[in-house]
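Bear in mind that the values in this text are calculations on the coordinates, not laboratory data. Quick caveat: nothing in here was measured; it's all calculated off a predicted structure. Because the Cβ atoms are built from the backbone with ideal geometry, glycine has one as well, and the counts that use them run over all protein chains shown.
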2 protein chains.
Amino acid sequence: MAPKAKAERPQRKGRKPLSTVERIYGAIREMTINYELKPNASLNESELAARLDVSRTPLREALSRLVTEGMLEFYPNRGFFPRTLDDREVLDLYEVRAVLEGLAFELACVRADNAAIGGLRRYWESCRTNYDSLSAQKLALRDEEFHVRLAKLSENTQLLKMLESINARIRFIRVINLESLGKRDPLYDEHLDIVAALEKRDRKGGRRTLEQHMRLSVADAIAATKEGLARIHLRRRTG
Amino acid sequence: MAPKAKAERPQRKGRKPLSTVERIYGAIREMTINYELKPNASLNESELAARLDVSRTPLREALSRLVTEGMLEFYPNRGFFPRTLDDREVLDLYEVRAVLEGLAFELACVRADNAAIGGLRRYWESCRTNYDSLSAQKLALRDEEFHVRLAKLSENTQLLKMLESINARIRFIRVINLESLGKRDPLYDEHLDIVAALEKRDRKGGRRTLEQHMRLSVADAIAATKEGLARIHLRRRTG
DNA sequence: GTATGCAATATTGTGGTCAATAAAACGAGA
DNA sequence: TCTCGTTTTATTGACCACAATATTGCATAC
């Protein structure tokens, strides 16, 4: 008999069944993003497995995924190491992020229709409510959401994925940065400026505004990582 | 006694011990890059494990790594699926790649010293030998090497990693593209132009040249993926 | 001939076990 | 008290077995 066809790919994500591995992958990802796992020290697989109530096999699969994502490092026979926080890496990521956002903006100028742009504007204007009393944490999430929505307008899936990955890795720093921000209005207005440029399809101008907006000074990066490390250390003491 | 310190991170990669997982990870990565695994069909873990002479446990860890890298897709209870080849994704990756290369170039203009730039020039000039008789495969590798070296001059590790990842994913397409190239001199000369711009620290001009150089037309992308799919299909019959 | 439900088969998911390796603790000698 | 080498302990590496799930094959009904 002729060889029978193998199983073809299932229909793309109707609804997610969410396996064990994917569940704990998300959980561990959140932990590393928030530096709840000691950076720079090997993490104990058995301990973590027990905490998550799974065995080491699926745990290691989840950890493996995080390796290529840059969340963890892996040393043979030594184990998985949560990433450390250093200003070189932060600066590097900021540089890449700025240029990717710039690309997203330019593509959005070309590809997004007015309705979609209107949606972005409405989203950000709706964030005006209680804006000044928001915690830095919440503000960071809304800011991130704004940028994600902008990126979606580019209609470039790969670009979106990379930006989301970078955003996750620098979220901790972003929060610290926003906390130290005295006045928040500039940030709010800059987003509106970006939307305005988008509406005018002003690729060059908008991109300039955006990349300006996303820049992180070396001094700020160093200060933020210093503060971040201190906070991680403190958290450890207090429990 | 005070709580003792946990194991700190080992000295950064003196030489790599290369564990089993990392070994097969690289092997499978190559296979997917070259589409030696049926795209769009679930791959059989037991079979592949036997072929690589390992058990399923380390195999699945390696496969998991490739998921976040975009090389494989994972569907719970269905298994791992080698990625398919579609022109939307190819175009997306090309767009991102162009802008990242542009960034690398600009950073290199600022950060690379003359000696390093000289090294890049010498590397590419050394590629002149037998240039026209090189296989598309070999040419693609040298081209990729050139771009990697350029990216290294940016001194941005994250950027370098992302570019390497993207390059791997589009290598197959690159080769097809290079094959259909009638005359190769333009490509060779463009690289020299880029080096020249770098030597002159001409950020804007060089970036323009570079992004021009890296562009892929929609038509070419469609043609290349079509050809690619045909080739994969053909290989299956004959091989 | 097509469809539907059930049985048989194949494949993935996960826990357990033990070997290999690294880290820690210990002890002898200087 | 420090250093070096040895023993002990802890942790990771990987195979296997079986459970959970999906896929295929088959038979019966319409």
TODO: Divide, for chain A, the radius of gyration over alpha carbons by 2.2 N^0.38 Å, where N is the residue count.
DONE: 1.16
Open item on the list: Under a crude label model (7 Å from the Cα following the beta-carbon direction), how far is A:V54 from A:T129 in nanometres?
Closed with: 3.6
Task: Cα shape, the protein assembly as shown, gyration tensor, a/c 1.5 rule - done: rounded
Open item on the list: What's the magnitude of the charge dipole for chain A around its Cα centre, counting Lys and Arg as +1 and Asp and Glu as -1 at the beta-carbon? Answer in Debye, nearest 20.
Closed with: 780
TODO: Would you work out which of B:Q158, A:F146, B:F74 lies farthest towards the positive end of the dipole of the protein assembly as shown? Charges go on Cβ: Lys and Arg +1, Asp and Glu -1.
DONE: B:F74
TODO: Compute the whole-percent fraction of alpha carbon pairs in region B:75-140 spaced more than 17 Å apart.
DONE: 69
- [ ] Decide, for region B:154-216, between rounded, prolate and oblate: order the square roots of the alpha carbon gyration tensor eigenvalues as a ≥ b ≥ c, take rounded if a/c falls under 1.5, and otherwise choose prolate if a/b is larger than b/c, else oblate.
- [x] oblate
TODO: Would you mind calculating the gained length between B:T84 and B:K204 on full extension (0.36 nm times residue separation, minus the Cα-Cα distance), in nm to one decimal?
DONE: 39.6 nm
TODO: Counting helices only, and only those DSSP H runs with n ≥ 4, report the 222 nm mean residue ellipticity of chain B as the sum of -39,500 (n - 2.57) divided by its residues, in deg cm²/dmol to the nearest 500.
DONE: -22500 deg cm²/dmol
Task: chain A: most fluctuating residue of A:A136, A:A104, A:A115 per GNM, C-alpha cutoff 10 Å - done: A:A115
Task: Stokes-Einstein translational diffusion, region B:88-188 - Kirkwood Rh over all Cα pairs, 0.890 mPa s, 25 °C, in µm²/s - done: 171
TODO: Set Lys and Arg Cβ to +1 and Asp and Glu Cβ to -1, take the dipole of chain B about its Cα centre, and tell me which of B:A50, B:S180, B:I194 lies farthest positive.
DONE: B:A50
Task: Size of charge dipole - region A:63-144 - debye, nearest 20, with Cβ of Lys, Arg +1 and Asp, Glu -1, no other charges - done: 340
Open item on the list: Need one number for region A:30-144: average projected area of the convex hull over its C-alpha atoms, nm².
Closed with: 10.6
Open item on the list: Given axes a ≥ b ≥ c from the Cα gyration tensor, I'd like to know whether region B:191-238 is rounded (a/c under 1.5), prolate (a/b larger than b/c) or oblate.
Closed with: prolate
Task: Assigned charges on the beta-carbon of Lys, Arg, Asp, Glu; region B:160-216 dipole about Cα centre (debye) - done: 280
Task: Exercise: per-residue mean of other protein chain Cβ atoms within 10 Å, A:61-72 - done: 6
Open item on the list: Whole angstrom only: what separates the Cα centroid of region B:155-225 from the Cα centroid of region B:68-112?
Closed with: 14
Open item on the list: If you filter region A:52-126 for trypsin sites (Lys or Arg not before Pro), then keep DSSP loop positions with at most 15 other Cβ within 10 Å, what is left?
Closed with: A:R78
TODO: Compute the distance in nm between two label points, each set 7 Å from the Cα along the Cα-to-Cβ direction, one at A:L181 and one at B:R23.
DONE: 5.1
Open item on the list: List the residue ranges in chain A for DSSP H helices whose C-alpha atoms run 27 angstrom or more along the long axis and whose Kyte-Doolittle average is -1.0 or above.
Closed with: A:87-111, A:157-179, A:218-238
Task: Of A:K38/A:K152; A:K200/B:K152; A:K161/A:K200; A:K152/A:K204; B:K161/B:K204, those spanning more than 31 Å from alpha-carbon to alpha-carbon - done: A:K38/A:K152; A:K200/B:K152
